[in-house]
Each structure stands twice: as C-alpha cells, then as structure tokens.
Amino acid sequence: MISLTSPVRTRAHGWPAGAKLLALACATTALFLLQPLWAQAMVLALTLVLYALPGRHFLGHGLRQIRVIWPFVALLLVWHAFAGNWPEGIRTALRMVAALALANLVTMTTSLGDMTDLLHRLLAPLRRIGLPVGVIESAIPLVIRFTPVLIGKGRMLLEAWRARSPRRANWHIVLPMALLALDDADHLAEALRARGGLNPLTEE
Amino acid sequence: MERNVAQIALFAALIAALGLVPKITLAFGVPITAQGMGIMLAGAMLGAKRGFLSVMLFLLLVAIGLPLLAGGRGGLAVFAGPTAGFLVGFPIAAFVTGWFVEHARLRHVGLRAFIGAVLGGVVVLYAFGIVGMSLSLGKSISECTMLMAIFIPGDLLKAAITGMLVAAIAKARPRALGWTANA
C-alpha cells in the first residue's frame, strides 16, 4: 500500500507531525477569519510557493492531488458570475483551494510512520483513563494488510466474471467480496486468538 | 473480542477495496462508486456500534495519508474540501443504518437493510454532506440540496442493492449477521 507522502524529500519531512497539524489548523482558521480578497489571494500564492520550492516533481504531484477541486471552483465562479457578485465567488474559491492545498501539503510531507506515532501520542490520554485504544492501533495494520488482499480477490472475481460472461461486471460482484471479507474476518480472529489474542487488558 | 476487531478491520478494508476495484457499472450503465455501498453494508452487516467503528477506522486511515477513497484520494485534504461533510456523515450513516436494522420489527431481512440504508446512507448522509458543502461553498442549504439532488436516485439504488446483498449474505452466512438472531 502506497501512502500519499511525497517521495521527494523536503525539509518539512523532518518537522514534527504534531507541529505541522497545529499549523494547518491555525492556517485554516485564519483563512475563514480573513475577509479581504487580497489576503486570501496572498495565502494561496504563498501556498503555491511552498509547493514550488521542493521542485517541479513535487509541484506536479501536488497539483495532481488537488485536481478534484477544479469542478467546484468552476461551479462557484459560473454561479457567482450569473448572480452578479463575483468578488464573493472568487473569495470563496480562493479560500477553498488554499485550505485544500495546505492540508494536502501536510499529507505530502508527513510519512505514515510519523502519523501513526502522532496518533499513538494523541491517544495516550484516553489510554490513561482506561479506554482500550490499543485495539484501535492494532486494527490499523490489519486494515493496511487486508485492503490489498481484498482488492486482489476483487480483481480475481472480476477476471472470472469477464472470462465467463459477455456482459460487463456489475454490482453482483460485491456479494462474493463481502462474503470473502466475512470469512477472512473469521480466519483472522482465529489466527489472532491462536497467537494469544489482542491484548487490550494491559491497557484496560 | 478478536472476532469483533477482525470484522471491524475487514469491513474497513472492504470499504477501501470497493473504492478501488475498477468500474462497477449499474444496470443502466451509470458508473457508481461502490464505496457508499460499503458504508451501508458495514452498518447493515455489523450493526450500529461495530459499523460505526469500522467506518471510523477507514476514515482514520484516509486521514493519516492512505489513498483509500474512491478514485485513489486520501490524506488530510479530503477533509478540507467541499465534500468533507459526506466524510463526516459516513460513520453516522453506518450507525443509523445499523441502529435501524437492529431495532426495526420487520420480518424481511433485505427490506430492513434497505430502509436502514435509506435512512442512514441517504437521509442522514446527505444532511451532513449538504451542510458541509454549504459551509465550504458559501451557498445556502437549499441551493446545495439542489446541487446534490441529482445524486440521490443513484444512492437510493445503492440502498436497494444493499438490501438485496444483505438478504443474500444472510442466506449464505446466517451466523454473520448478529442481529438476525433476534428477528
């Protein structure tokens, strides 16, 4: 499973994940408090500079990550052009793109390991008051492991379908996939139990 | 304990897999993301509590940077975009779907799952999604409802398929649905 972290090493990769998230929260709040159009434009321009600093590959990769936003930008601009209050449309669009781009920047510069470490620390207070958060953390690698397994099985089902039917595969494929997931869950539970089980008791 | 965690994890993986398995087209040729169906299934199959946890686990993995949303999207950006409300609504949708199937007094398993999926995966999910979109785009609730209305028929269809799937799963793996025992 490939995470969305950029393979282009930047200086920000080394920064603590908590600090980056806190900065993101502050920046996004500021975006909503800033009213003037030029300020919103400044933030977006600054964000683009941050994207461009690590080089062309990082910029291209980053812009591809946020491409889903463009239809919404187009929608806003057309809508406001018809309504006649285009500055409002531009302001909302600028804010939306900047918020999305900044959040994506944190994802691109933070490794999966750093994120799970941060999660571990964030969950610590819950652990101290006796919630079985250890189970959450042990479930994360299970999902990471089993997603490709299920995707692989889904692909095989699709191929089996194509080999036998002239029609395109449709929603019927979801039934065997769900059954496979249920069976895998039973096997996994047995395997976990056989190895001593999950150990929430130490945390509980 | 292990069985619960395993099912929660496997359904989170199933939701992810349904978003990444290429093109599932409906009878009419309308391409849909089967991911929304995964949310409904998690609620209808696992029940309110475990369905909710399963979807939360899925979102947690998306947030820490795995590209598990339909179309290979993920990371923190999806929680800042105009469709973030739908993501916030996902676990609630699974919870409501699960709550309904657990509490409804309907003999027909598939019908129960269908109504649960409509309540959770359409009514509740769109309520969250539309409020989120209205906040992000600066449009009124009714304007956003109009924007999203074209997607509602597709999601109703997904709820119907979920009902059929749950009825079929209940036949194939009678023990898998915890809540059918007290029907």
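Rundown of residues vs (1) surrounded by fewer than 20 Cβ atoms within 10 Å (Cβ to Cβ); (2) closer than 29 Å to B:Glu143 by Cβ; (3) in contact with a strand residue (DSSP E or B) (Cβ under 6 Å, 6 or more places away or on another chain), yes/no style:
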residue: A:Gly18; (1), (2), (3): yes, no, no
residue: A:Ala23; (1), (2), (3): yes, no, no
residue: A:Pro36; (1), (2), (3): yes, yes, no
residue: A:Met42; (1), (2), (3): yes, yes, no
residue: A:Leu48; (1), (2), (3): yes, no, no
residue: A:Arg56; (1), (2), (3): yes, no, no
residue: A:Pro71; (1), (2), (3): yes, yes, no
residue: A:Ala99; (1), (2), (3): no, yes, no
residue: A:Met108; (1), (2), (3): no, no, no
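With A:Gly130, A:Gly197 as the choices, which residue is more than 9 Å from chain B (Cβ to nearest Cβ), surrounded by fewer than 22 Cβ atoms within 10 Å (Cβ to Cβ) and either basic (Lys, Arg) or part of a loop (DSSP other than H, G, I, E, B) (or both)?
Testing whether each residue is more than 9 Å from chain B (Cβ to nearest Cβ), surrounded by fewer than 22 Cβ atoms within 10 Å (Cβ to Cβ) and either basic (Lys, Arg) or part of a loop (DSSP other than H, G, I, E, B) (or both) leaves just A:Gly130.
Can you find even one residue in the range A:142-151 that is surrounded by 15 or more Cβ atoms within 10 Å (Cβ to Cβ), more than 30 Å from A:Ala178 (Cα to Cα) and hydrophobic (A, V, I, L, M, F, W, C)?
Looking for residues that are surrounded by 15 or more Cβ atoms within 10 Å (Cβ to Cβ), more than 30 Å from A:Ala178 (Cα to Cα) and hydrophobic (A, V, I, L, M, F, W, C), one finds none in the range A:142-151, hence no.
Of all residues in the range B:30-43 being more than 10 Å from chain A (Cβ to nearest Cβ) and more than 12 Å from B:Ile92 (Cα to Cα), which is farthest from the chain's Cα centre (by Cα)?
B:Val30
Does the range B:62-101 hold any residues that are over 17 Å from A:Ala25 (Cα atoms), touching a strand residue (DSSP E or B) at 6+ places or on another chain (Cβ under 7 Å) and in contact (Cβ under 8 Å) with a residue 12 or more places away in the chain, and which are they?
Scanning the range B:62-101 gives a single hit, B:Val62.
All but one of (1) closer than 30 Å to A:Ala19 by Cβ; (2) not assigned by TED's automatic domain parsing to the domain that holds A:Gly62; (3) not small (Gly, Ala, Ser) hold for A:Thr109; state the number of the condition that does not hold.
(2)
Within the range B:104-111, is even one residue farther than 17 Å from B:Leu18 by Cβ, modelled with pLDDT of 90 or more and assigned to a loop (DSSP other than H, G, I, E, B)?
no
Taking the stated definitions as given, is B:Ala80 more than 22 Å from A:Ile173 (Cβ to Cβ) and in contact with a Lys or Arg (Cβ under 6 Å, 6 or more places away or on another chain)?
Spelling it out, it is not the case that B:Ala80 is more than 22 Å from A:Ile173 (Cβ to Cβ) and in contact with a Lys or Arg (Cβ under 6 Å, 6 or more places away or on another chain).
When you look at A:Ala169, is it surrounded by 18 or more Cβ atoms within 10 Å (Cβ to Cβ), outside the structural domain of A:Tyr51 (by TED's automatic domain parsing) and assigned to a loop (DSSP other than H, G, I, E, B), yes or no?
Judged against the criteria, A:Ala169 is a match.
So which residues in the range A:167-185 are more than 7 Å from every other protein chain (Cβ to nearest Cβ) and modelled with pLDDT of 90 or more, if there are any at all?
Listed by number, the residues that qualify are A:Pro176, A:Leu180, A:Asp183.
For the list (1) within 9 Å of another protein chain (Cβ to nearest Cβ); (2) in contact with a Ser or Thr (Cβ under 9 Å, 6 or more places away or on another chain); (3) part of a helix (DSSP H, G or I); (4) not aromatic (Phe, Trp, Tyr), I need the number of the one condition that B:Ala117 fails.
(1)
In the range B:167-178, which residues are facing chain A (nearest Cβ under 9 Å) and either hydrophobic (A, V, I, L, M, F, W, C) or more than 22 Å from B:Lys49 (Cα to Cα) (or both)?
B:Ala168, B:Ile169, B:Ala172, B:Ala176
Can you pull out the residues in the range A:6-26 that are part of a loop (DSSP other than H, G, I, E, B) and within 22 Å of A:His57 (Cα to Cα)?
Matches in the range A:6-26: A:Ser6, A:Pro7, A:Val8, A:Arg9, A:Thr10, A:Trp15.
Does A:Ala98 satisfy the condition of being more than 8 Å from chain B (Cβ to nearest Cβ) and either over 25 Å from A:Pro7 (Cα atoms) or outside any helix (DSSP H, G or I) (or both)?
Judged against the criteria, A:Ala98 is not a match.
In contact with a Pro (Cβ under 7 Å, 6 or more places away or on another chain), within 9 Å of chain B (Cβ to nearest Cβ) and not basic (Lys, Arg), is that true of A:Leu150?
So A:Leu150 does not fit the description; no.
Here are the criteria: (1) closer than 19 Å to A:Ala83 by Cα; (2) surrounded by 17 or more Cβ atoms within 10 Å (Cβ to Cβ). Tell me which single one B:Ile141 does not satisfy.
If we test B:Ile141 against (1) closer than 19 Å to A:Ala83 by Cα; (2) surrounded by 17 or more Cβ atoms within 10 Å (Cβ to Cβ), just (2) comes out false.
Does A:Thr109 qualify as being touching a helix residue (DSSP H, G or I) at 6+ places or on another chain (Cβ under 9 Å) and under 19 Å from B:Leu59 (Cβ atoms)?
It is false that A:Thr109 is touching a helix residue (DSSP H, G or I) at 6+ places or on another chain (Cβ under 9 Å) and under 19 Å from B:Leu59 (Cβ atoms).
The values are calculated or read from the model by the stated rules, or taken from the named source; none is laboratory data. Quick caveat, the model's predicted, so the values are computed rather than measured. For neighbour counting, all protein chains shown are included, and Cβ atoms are generated from backbone atoms with ideal geometry for every residue, glycine included.
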